[in-house]
Amino acid sequence: MNNQDEYAMRRNTFFLILCCLIWFRTSVAQDQPAFEFNGYLSNMQTVMFETLDQNWWSENQVHNRLNFKYYISNHLSFDLEIRNRFIYGDFVKYIPQYADLIGAETGLLDLSWLLVSKPSFLIHTTIDRLYLDYTIGKFQFRGGRQRINWGQSMVWNPNDIFNAYSYFDFDYIEKPGSDALRIQYYTGVSSVLDVSAKIDSSHHVTAAARYQFSAFNYDLQFLTGIFEGEDFVVGTGWSGNIKGAAFRGELTWFHSLENAHKEEVMVTLSGDYTFSNSLYIGLEYLYSNIEYDDFNFGEFYFTPLNVKNIAFTDHSLFGQISYPITPLLNGQLAGMYFPSEKGFFFGPSIDLSILDNVSLSFILQHFQGQFGADATSKTTLAFLRLKWNF
């Protein structure tokens, strides 16, 4: 049996079991079930260039999201969320294996489909949330494709060993999910014991436990477990404030299960403050001693990440300023500095609220530096997005 047949069999079996569970629970439920539906539709034009007087590459993406939630009873609910994208332009034509890059599936179940793939356009759909949630007393059980968010910092999250994401992928606000089983036990008003496990497409297991609680006006957490079957992990994180300014941080230590002498660590420190006039300032620093010899900027930008490759250098600095110019217009300026790469990122953006559920955004992303083994280079991407939430 080849991999494609194996994934198809798993997918069909999963759906059959899930449908049977929903039918059975609905048939015996005493309470009237409730149904929720929402989502969004956006159209985003993208251009990419090195300098303004050189060739521009362009892409257009129609992005649709459909979120379904079904309350089977007071204790049991079912979530299904689908992401659909229609993409056409130069990225599809000229970036090698572009369809494979954006449709990369990291979960155990293959819930990603390239419906149409042509030389100039493609249609891709994926199910990134598909789970049953059961709550009784102080326990909450959730099984299926879900997001397990353990991060505390703003940009880089070393504690997010289940679901890493890229800051630059701003159009994917929901962020990736994992095929996982999660059990939470709420030990108090502000404390919870979280035990989770996932299996990825390479059959690597990540399993860990986290205890989160409040003390000294801080939200604190400690975690330990196994990361992708390769590393023993210990970590901690916190979120609080110092004289009105938020102060957050995370630390994760990786110890190789195969090489007793290989130890890696990632640390973030971040702070942010909102002034009385609504001016917001945020700062963050990341240190990582992980080696990034095989770094590829294209793969870093376009493909799913794990926690070890959320960065590509040892020291990373981030700064952000935002201000509501008017009640309907918000401006933001973000930047990163990578000392070891002699590089930086510059990212201004403007968001205009046209209606309560319609917005227009302009985002610029400029990268410059010696990234990986490449010579010093620079790339600029500009985005214009119209988005309708429903």
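Values in this text are rule-based calculations from the coordinates and carry no lab data. These numbers come from a predicted model, not from an experiment. No Cβ is skipped: glycine too gets one built from the backbone with ideal geometry, and neighbour counts run over all protein chains shown.
Distance in nm between label sites at ALA104 and LYS118, each 7 Å beyond Cα in the beta-carbon direction? Label-label distance for ALA104 and LYS118, simple model: 2.8 nm. If one computes P(r) from the Cα atoms of the stretch 48-146, what percent of pairs lie at distances over 21 Å? Distances greater than 21 Å cover 50 percent of the Cα pairs. Sorting ASP314, ASP293 from the fewest to the most surrounding beta carbons within 10 angstrom yields ASP293, ASP314. Given R0 = 30 Å, the distance between the Cβ atoms of THR224 and GLN332 translates into a calculated FRET efficiency of 0.25.
Based on DSSP H segments of at least four residues, each scored -39500 (n - 2.57), the chain has a per-residue ellipticity at 222 nm of -3000 deg cm²/dmol.
Shown is the FRET efficiency for ILE183 and LEU355, computed with R0 = 41 Å from the Cβ-Cβ distance and rounded to the nearest 0.05: 0.50. Annotation note: chymotrypsin sites (Phe, Trp or Tyr not before Pro) in the stretch 200-245 located in DSSP loop regions with a Cβ neighbour count of at most 13 within 10 Å are PHE216.
In terms of the mean number of neighbouring beta-carbon atoms within 10 Å, the peptides 319-326, 248-255 order highest first as 248-255, 319-326. For the stretch 50-137, applying the loop criterion from DSSP together with a ceiling of 11 other beta carbons within 10 Å to the GluC sites (Glu not before Pro) yields no site. Between TYR40 and VAL192, the modelled labels are 2.3 nm apart [label points 7 Å from Cα along Cα→Cβ]. Please state, as a whole number in µm²/s, the translational diffusion coefficient that the Stokes-Einstein equation yields for the stretch 3-389 at 4 °C and 1.567 mPa s, with Rh defined as the Kirkwood radius across alpha carbon pairs. Estimated diffusion coefficient is 57 µm²/s. Pairs with C-alpha atoms separated by more than 30 Å, drawn from the list LYS138/LYS198; LYS69/LYS198; LYS118/LYS198; LYS262/LYS342, are LYS118/LYS198.
If I take R0 = 35 Å and measure r between the Cβ atoms of PHE346 and GLN97 in this structure, what FRET efficiency does the formula 1/(1 + (r/R0)^6) give, to the nearest 0.05? Result of the calculation: an efficiency of 0.75. Charged side chains reduced to their Cβ positions (Lys and Arg at +1, Asp and Glu at -1) give the stretch 3-389 a dipole of some 1120 debye around its Cα centre. As a rough footprinting exposure proxy, the listed residues THR274, THR46 were ranked by other beta carbons within 10 Å of their own, and the order from fewest upward is THR274, THR46.
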